[in-house]
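Have a look at the structure below before the remarks.
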Amino acid sequence: MKFFVDTADVDAIRELADLGMADGVTTNPSLILKSGRDILEVTREIAEMIPGPVSAEVVALEADAMIAEGRKLAKIAPNIAVKVPLTWDGLKTCRVLSDEGTMVNVTLCFSANQALLAAKAGATFISPFIGRLDDINLDGMDLIRDIREIYDNYNFKTEILAASIRTVNHVTQCALTGADVMTAPPNVIKALASHPLTDKGLEQFMKDWAKTGQKIL
Ligand code: E4P
């Protein structure tokens with residue numbers, strides 16, 4: 001499963017990229033706001049740092065304007081994936097930009113039927129939002145499983161990009177379900193390394209090592 005980093009914080013992306021933990025990046029208008037940066041400038045900086053897909057989201061709501069914004073974003077770098085919302089205008093935009101050879105990430109997906117439409121519109125990625133479904137007491141993982149089955153039934157090439165990942169358990173479940181990609185905030189990716197038994201074991205090793213009075217270096 002590929003790991004995308006869900007942030008526009010370049011320092012956090014660099015830290016994960018140096019470890020090989022950032023196969024791509026996803027941003028959205030809220031994350032651009034949080035970064036305090038100009039969208040074109042920060043997207044360019046991220047796309048130069050990360051060879052994999054970097055999602056940048058359009059903000060127009062009508063297809064012609066979305067297409068124009070998407071073309072502008074796509075010009076930033078060859079690894080830009082233009083992010084469009086799962087609306088009818090977003091699907092039109094997806095069709096046009098995909099046919100032009102631009103990667104498209106269709107976002108704000110909350111149903112299997114929406115995912116089916118995105119695949120038929122030629123999306124490179126579909127972004128089902130797990131955490132936001134959990135927020136309203138639905139099981140976001142059921143959606144990932146349904147989309148996996150539908151895409152496999154018809155051999156759709158659209159990659160399932162599990163989004164709105166909030167917990168380390170979401171990551172495990174996505175990997176078990178066969179999501180192609182998951183995108184998570186840096187803190188969730190870093191939390192994957194944590195386990196209380198690792199901390200406890202290390203503490204005991206350090207205590208015992210101190211008693212040996214030895215040094216390696
Ligand atoms: C990614 O593409 C999404 O923008 C992001 O994962 C949304 O996450 P949130 O629901 O935690 O805001």
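What the table below lists for this structure:
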| item | result |
| --- | --- |
| Relative contact order (percent, whole number), segment 2-192, Cα cutoff 8 Å, 6+ residue spacing | 18 |
| Net dipole in debye of the chain [+1 Lys, Arg Cβ; -1 Asp, Glu Cβ; about Cα centre; nearest 20] | 360 |
| Compactness of segment 92-217 as Cα Rg over 2.2 N^0.38 Å, two decimals | 1.48 |
| With Cα atoms, 0 to 90° folded angle of helix 39-49 axis to the chain main axis | 50 |
| Once exposed loop GluC sites (Glu not before Pro) are cut out (DSSP; at most 16 other Cβ, 10 Å), longest piece of the chain | 101-217 |
| 14 Å beta-carbon shell around Ala112, net charge (K/R +1, D/E -1) | -2 |
| Cleavage-rule hits (trypsin sites (Lys or Arg not before Pro)) in segment 21-86: DSSP loop, at most 14 neighbouring Cβ within 10 angstrom | Lys75 |
| Ellipticity estimate at 222 nm from DSSP helix runs (n ≥ 4, -39,500 (n - 2.57)) divided over the chain, nearest 500 | -15500 deg cm²/dmol |
| Cut-off 14 Å between beta-carbons: net charge of the residues surrounding Leu86, Lys and Arg +1, Asp and Glu -1 | +3 |
| Radius 11 Å from Cβ of Glu57, net charge of other residues (Lys, Arg +1; Asp, Glu -1) | 0 |
| Gaussian network model of the chain, Cα within-10 Å springs - most flexible of Val25, Val96, Val171 | Val96 |
| Folded to 0 to 90 degrees: helix 88-99 orientation relative to the chain principal axis, Cα | 80 |
| Per residue Cα convex hull volume in Å³ - calculated over segment 2-192 | 107 |
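Readers should treat all values here as calculations from the given coordinates under stated rules, not as data from a laboratory. Because the structure is predicted, anything quoted here is derived from the model rather than measured. Cβ: placed from backbone, ideal geometry, glycine included. Neighbour counts: every protein chain shown.
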